[in-house]
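Note sheet for the following structure.
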Amino acid sequence: MTALGFLYPGHSAEDDYPRIEQLLGSDIRVDLVHTDIGEDTHRVDALRRMGAAERLTAGVEQLRLSGAESVVWASTSGSFVYGWEGAHEQVRALARAAGLPASSTSFAFVHAAREVGARRVAVGATYPADVADLFADFLRAGGLDVTGVRASGTVTSAEAGTWGEAEVLALARAADHPDADAVLLPDTALHTAAHVPLLEKELRKPVLTANQVTVWEGLRLADRRVNAPSLGTLFLREPIVQA
């Protein structure tokens, strides 16, 4: 049994995690600890407070006691708002507190894009434009080329959590670009675990979503690879090797 630990901010789309655990169909356990979200708003200052060290470390002991082999801060906006170097420091502090390999959803997107062989990516974000642009900057710092950003302007995680399949598909279609190797949907408050096969069928390319890449990152840190095609291209056992 491999136990994966996740620190999830608030309550929006946390039910994606037991769904993903079920779809993995293997000896994988997904343990979720909720962190204090503070003010629920997609505003840079509030997002930085949400990702502060004291909020993250408060849930670490519970994950340690659960037997987690890795820990991932399951927030995209609560990590990339610190910038590339600041997000690295956030993860280092989390690893020290947990005594475990650690990462965040923002880094998961960079690693997952490389895994599926995507150099050029399109972004479909629920966030306001200024926050979405910070995610694009983060991806560029990670060596990816961003073909375009589609921002939907939702103000809260609670609002994003109400989106269904139709809204998620519309966002992905609007974000897609002919030159993009993959489409990225970066909000862990967005329910996407059930929609990845449809998204990839419609767009005919890999689609990387926040909760999907977060769990994949936890597996990567635990040195596990699971073949789960129902979770999309990312979860095919053999990686696509870049030329």
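The values are calculated or read from the model by the stated rules, or taken from the named source; none is laboratory data. Keep in mind it's a predicted model, so treat the numbers as computed, not measured. Here the Cβ is made from the backbone with ideal geometry for all residues, glycine too, and neighbour counts use every protein chain on show.
Tabulated results
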{"read-out": "Options Val123, Val146: the member that is in a strand (DSSP E or B), closer than 30 Å to Ala174 by Cβ, under 14 Å from the mean Cα position of the chain (by Cα) and of a type in the set (A, V, I, L, M)", "value": "Val123"}
{"read-out": "Any hit, the range 178-193, residues being within 26 Å of Glu54 (Cα to Cα), in a loop (DSSP other than H, G, I, E, B) and over 15 Å from the mean Cα position of the chain (by Cα)", "value": "no"}
{"read-out": "Residues located in the range 29-55, provided they are in a helix (DSSP H, G or I) and among the basic types (Lys, Arg)", "value": "Arg48, Arg49, Arg55"}
{"read-out": "Any hit, the range 5-28, residues being of a type in the set (S, T, N, Q), in contact with a Leu (Cβ under 7 Å, 6 or more places away or on another chain) and not in a loop (DSSP other than H, G, I, E, B)", "value": "no"}
{"read-out": "Residues of the range 15-36 satisfying the condition of being of a type in the set (Asp, Glu) and either under 14 Å from Val213 (Cα atoms) or crowded, with 23+ Cβ neighbours inside 10 Å (or both)", "value": "Asp16, Glu21"}
{"read-out": "Candidate set from the range 194-240 (those that are on the phi > 0 side of the Ramachandran plot and surrounded by fewer than 23 Cβ atoms within 10 Å (Cβ to Cβ)); member that is farthest from the chain's Cα centre (by Cα)", "value": "Arg204"}
{"read-out": "Count - residues of the range 59-85 that are crowded, with 24+ Cβ neighbours inside 10 Å and either over 22 Å from Asp27 (Cβ atoms) or under 16 Å from the mean Cα position of the chain (by Cα) (or both)", "value": "12"}
{"read-out": "Odd one out for Leu171 among (1) within 16 Å of the chain's Cα centre (by Cα); (2) surrounded by 20 or more Cβ atoms within 10 Å (Cβ to Cβ); (3) of a type outside the set (Ser, Thr, Tyr)", "value": "(1)"}
{"read-out": "Selection from the range 168-224 of residues that are of a type outside the set (A, V, I, L, M), touching a residue at least 60 places away in the same chain (Cβ under 8 Å) and touching a Lys or Arg at 6+ places or on another chain (Cβ under 7 Å)", "value": "Asp181"}
{"read-out": "Single residue of Val72, Val60 found to be touching a residue at least 24 places away in the same chain (Cβ under 8 Å) and closer than 26 Å to Phe235 by Cβ", "value": "Val72"}
{"read-out": "Members of the range 56-72 that are outside any loop (DSSP other than H, G, I, E, B), at pLDDT below 95 and not basic (Lys, Arg)", "value": "Leu56, Thr57, Val60, Glu61, Gln62, Leu63, Leu65"}
{"read-out": "Tally, over the range 126-143, of residues that are assigned to a helix (DSSP H, G or I), small (Gly, Ala, Ser) and either closer than 20 Å to Gly86 by Cα or touching a residue at least 40 places away in the same chain (Cβ under 8 Å) (or both)", "value": "3"}
{"read-out": "Selected residue (criterion: surrounded by the most Cβ atoms within 10 Å (Cβ to Cβ)) from residues of the range 102-120 that are part of a helix (DSSP H, G or I) and not hydrophobic (A, V, I, L, M, F, W, C)", "value": "Ser106"}
{"read-out": "Flag if Gly99 is without any contact (Cβ under 8 Å) to a residue 40 or more places away in the chain, among the small types (Gly, Ala, Ser) and under 21 Å from Leu219 (Cα atoms)", "value": "yes"}
{"read-out": "Leading residue by the ranking (nearest to the chain's Cα centre (by Cα)) among those in the range 149-164 that are more than 25 Å from Arg204 (Cβ to Cβ) and assigned to a loop (DSSP other than H, G, I, E, B)", "value": "Gly161"}
